[in-house]
Amino acid sequence: MCSSDLHLDLSHNRIASLRGTHLAAFPALLTLDLSYNLITTVPPGTFPRASPLQTLNLASNSIEMLESGCLGELAQLQELKLSRNRLSSLPKQIFINLSALRLLELNKNRLVEIPGLSFHGLKNVRVLKLKRNNLRFLMDGAFYGLDSIEELYLDRNEVVTVNKGWLYGLTKLKQLSLSHNQVDYIDRKSTRLN
């Protein structure tokens with residue numbers, strides 16, 4: 001259909017499901033905005049193989065789960081916005097093939113904990129936003145592998161303790177935002193991130 005780079009805005013519609021056949025007509029798709037729709041899940045095969053997609057906005061839907069492998073074809077993706085959904089957990093290795101990703105937004109979901117290695121594969125992410133979830137437990141190694149992260153936003157959660165275990169390896173971190181949490185203890189070793 002289109003031979004040049006394409007930016008497709010389908011926000012504020014009534015799209016309830018995604019299938020790979022829907023996007024196959026747009027092989028040069030660089031930006032896809034599906035925010036403010038009725039999407040509840042993202043199944044594997046949604047995105048075409050070797051997709052050049054760089055920006056994907058799935059914010060403000062009703063996504064309850066990301067199925068394993070659903071993002072596997074998005075090796076060129078640089079921005080992923082999943083804020084204001086209903087995600088309560090992140091499947092293991094869901095981000096494994098997203099090595100080009102620089103921005104990940106998961107604000108206003110229902111996440112309660114972040115297990116170790118949850119963000120494995122995101123070695124180029126600079127900004128991670130997890131504001132307004134129900135995060136209380138950040139396991140040791142929760143953010144391990146985020147080698148390039150500079151900004152981590154955990155505002156308006158239920159975090160009680162800041163410790164080296166979940167901050168380990170964040171050697172490039174410049175901003176850690178924990179406003180409006182329940183922090184009552186900061187391990188003094190947590191200021192040394194390696």
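Is the stretch 180-192 home to any residue that is hydrophobic (A, V, I, L, M, F, W, C) and either out of contact with any strand residue (DSSP E or B) (no Cβ under 7 Å at 6 or more places or on another chain) or open to solvent by less than 20 Å² (accessible area, probe 1.4 Å) (or both)?
Taking the stretch 180-192 and keeping what is hydrophobic (A, V, I, L, M, F, W, C), we get 183, 186.
Filter once more, keeping what is either out of contact with any strand residue (DSSP E or B) (no Cβ under 7 Å at 6 or more places or on another chain) or open to solvent by less than 20 Å² (accessible area, probe 1.4 Å) (or both): none.
No, because not a single residue in the stretch 180-192 is hydrophobic (A, V, I, L, M, F, W, C) and either out of contact with any strand residue (DSSP E or B) (no Cβ under 7 Å at 6 or more places or on another chain) or open to solvent by less than 20 Å² (accessible area, probe 1.4 Å) (or both).
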Determine which member of the set Leu173, Leu152, Leu167, Leu146 is surrounded by 15 or more Cβ atoms within 10 Å (Cβ to Cβ), out of contact with any Ser or Thr (no Cβ under 9 Å at 6 or more places or on another chain) and within 13 Å of Ile114 (Cβ to Cβ).
-> Leu146
Looking only at the stretch 72-89, which residues are under 13 Å from the mean Cα position of the chain (by Cα), more than 23 Å from Ser4 (Cα to Cα) and open to solvent by less than 30 Å² (accessible area, probe 1.4 Å)?
-> Leu82, Ser83, Asn85, Leu87
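Tell me the residue from Gly69, Gly121, Gly116 that is touching a residue at least 12 places away in the same chain (Cβ under 8 Å), in contact with a Pro (Cβ under 8 Å, 6 or more places away or on another chain), open to solvent by 10 Å² or more (accessible area, probe 1.4 Å) and not aliphatic (A, V, I, L, M), please. Explain how you work it out, then say what you get.
Working: Gly121 fails: in contact with a Pro (Cβ under 8 Å, 6 or more places away or on another chain); Gly116 fails: in contact with a Pro (Cβ under 8 Å, 6 or more places away or on another chain).
Selected residue: Gly69, the only one of Gly69, Gly121, Gly116 that is touching a residue at least 12 places away in the same chain (Cβ under 8 Å), in contact with a Pro (Cβ under 8 Å, 6 or more places away or on another chain), open to solvent by 10 Å² or more (accessible area, probe 1.4 Å) and not aliphatic (A, V, I, L, M).
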Identify, by number, the condition in (1) modelled with pLDDT under 95; (2) within 26 Å of Arg84 (Cβ to Cβ); (3) part of a loop (DSSP other than H, G, I, E, B); (4) touching a helix residue (DSSP H, G or I) at 6+ places or on another chain (Cβ under 9 Å) that Asp140 doesn't meet.
-> (2)
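In the stretch 36-44, is there at least one residue being of a type in the set (Val, Ile, Thr), under 20 Å from Glu79 (Cβ atoms), at pLDDT below 95 and surrounded by 15 or more Cβ atoms within 10 Å (Cβ to Cβ)?
yes
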From the options Ala50, Ala100, Ala59, residue that is open to solvent by 40 Å² or more (accessible area, probe 1.4 Å) and either of a type in the set (A, V, I, L, M, F, W, C) or farther than 22 Å from Thr21 by Cα (or both) | Ala50
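The values are calculated or read from the model by the stated rules, or taken from the named source; none is laboratory data. Just so it is clear, the model here is predicted, and its values are computed rather than measured. Cβ atoms come from the backbone with ideal geometry, glycine included; neighbour counts cover every protein chain shown. What goes into the accessible areas is simple: the full protein's heavy atoms, side chains included, and nothing from ligands, DNA or RNA. Shrake-Rupley method; radii C 1.70, N 1.55, O 1.52, S 1.80 Å.
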